[in-house]
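Notes follow once the structure below has been shown.
What follows is calculated from the coordinates using simple rules that are stated; it is not laboratory data. Here the structure is a predicted model, which is why all the values come from computation and not from measurement. Heads up, the Cβs are rebuilt from the backbone with ideal geometry, glycines too, and the neighbour counts pull from every protein chain shown.
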Amino acid sequence: MERRRQFRNYRIDQGLRLQGDWNQLKDKLKEAYTHLTDEDLTYVEGKGHELVSRLQAKLGKRKRKIVKMLNAL
């Protein structure tokens, strides 16, 4: 079970292609979704799956949709 979760997290991290300055991207997300906080948008390199999980909980969207949204920024 743990290996399966690690693989899912790895796939999310590999699919996440954030381009540009994270602070600018974060500001765009805050404009679009005013209820997101700085804590919700905390991003650590290599731990993108944690960011996606937090956004999934706040926005109520599927992880795949959130990854696409973040990549489109």
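Tabulated results
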quantity	calculated
Sequence ranges 51-62, 31-42, ranked by mean other-Cβ count within 10 angstrom, highest first	51-62, 31-42
Debye log10 I(q)/I(0) for the chain, one point scatterer per Cα, at q = 0.17, 0.18, 0.24, 0.28 Å⁻¹	-0.59, -0.66, -1.18, -1.58
